[in-house]
Amino acid sequence: MASAARVEDTTFSDLAARQRHPAVDATIKIVKSPVGAGSGVVILILIAVALSAPYVSPFDPQAISRDKFVAPGVEGHWLGSDGIGRDILTRIMYGARISLYVGFLTVGFGTLAGAVIGLFSGFAGGWIDLVIQRVVDAIQSFPAILLAMAIVSVIGPSTTNGVLAIALIVAVNNSRVIRGAVLSVKENTYIEAARSIGASPLRVMMQHILPNVVAPILILVSAGFGSAILIEGALSFLGLATQPPDASWGLMLSRGRESIETSPWLALFPGLAIAVTVLSFNLLGDVVRDVLDPRLRGSR
């Protein structure tokens, strides 16, 4: 009797799990993962810090003081100050705003453009697919950071132009992955069935192919934040993205390397901010990939 009750409870729990929305079920699996939960908490803290920076930051991020190179913990500067007296903690908090701004915009626009290109290229096939993929190959032949540097050098260094350059790289890389998923889905029998009953190409693409490539798109979104933030930090480090006096982690790291021997905290704390943020987004992306597509588990 006890075993029958356990079997019945298991059956009811399985039925309840199957009745949940797939998005809710995936979220529960991500939260139950220690890596997913931990990286998610770090990202939520980062978002909270970025949103609340104007209200809780201890100093003005651009305020100049006569106290130069104050050590961490001295005179209310918990992470020290730079060569012109600006508080490092405050500037890291404001730098989080720029990093998230760049991450959300580049991944959002880049993934949207990549989805459109990959969906159209894979579905159309023929010479259209051939032309699009040769253009994609030509762009991908350049290293991402060098291509971003070239684009920003032409259109001018700024945060907005850095977003445009990174979004182009994200769009090109994502379009290739989405095209592969479209080619796989297009061969299924239900696509032929939809065409046989007179469904238009647009309807087949939007109602039968697009819903079946949502999982790869979500994986690309979750995994793209870390790369976008890292590229923005590299461009700012080289003076090609965010410009002074705005606070950017890459810009702070560039200024801090000039005094690395006398004031190591100037480069240490911005570097840690970049490392922790990129690692958190990458770990969360790995968990999302494993949950949405278990066939790819361990492939990275």
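At-a-glance table
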{"quantity": "The range 181-224 - convex hull of alpha carbons, volume per residue in Å³", "calculated": "61 Å³"}
{"quantity": "Distance in nm between pseudo-label sites at ILE145 and LEU202 (7 Å out along the Cβ direction from Cα)", "calculated": "4.4 nm"}
{"quantity": "Between the range 221-300 and the range 160-187, the Cα center-to-center distance that results, in Å", "calculated": "21 Å"}
{"quantity": "Rounded accessible area per residue of the chain, 1.4 Å, Å²", "calculated": "53 Å²"}
{"quantity": "Fully extended contour minus Cα-Cα distance, from GLU258 to GLN62, at 0.36 nm per residue", "calculated": "68.6 nm"}
{"quantity": "Folded to 0 to 90 degrees: helix 214-237 orientation relative to the chain principal axis, Cα", "calculated": "20 degrees"}
{"quantity": "Principal-axis tilt of helix 126-140 within the chain, Cα atoms, nearest 10 degrees", "calculated": "20 degrees"}
{"quantity": "Spacing of the two label points (7 Å from each Cα toward its C-beta) at ALA26 and ILE155, in nm", "calculated": "2.9 nm"}
{"quantity": "Heavy-atom accessible surface of the chain: percent carbon and sulfur, 1.4 Å", "calculated": "67 percent"}
{"quantity": "Cα Rg, Dmax (largest Cα-Cα span) when computed across the chain, Å", "calculated": "23.7, 80"}
{"quantity": "Calculated FRET efficiency for the pair SER52/LEU272, C-beta based, R₀ 25 Å, to 0.05", "calculated": "0.80"}
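The values are calculated or read from the model by the stated rules, or taken from the named source; none is laboratory data. What you are looking at is a predicted structure, and each value in this text was computed from that prediction instead of being measured. Every residue, glycine as well, gets a Cβ built from its backbone with ideal geometry; the counts of neighbours run over all protein chains shown. These accessible areas exclude ligands, DNA and RNA; they are computed on the full protein's heavy atoms, side chains included. Shrake-Rupley method; radii C 1.70, N 1.55, O 1.52, S 1.80 Å.
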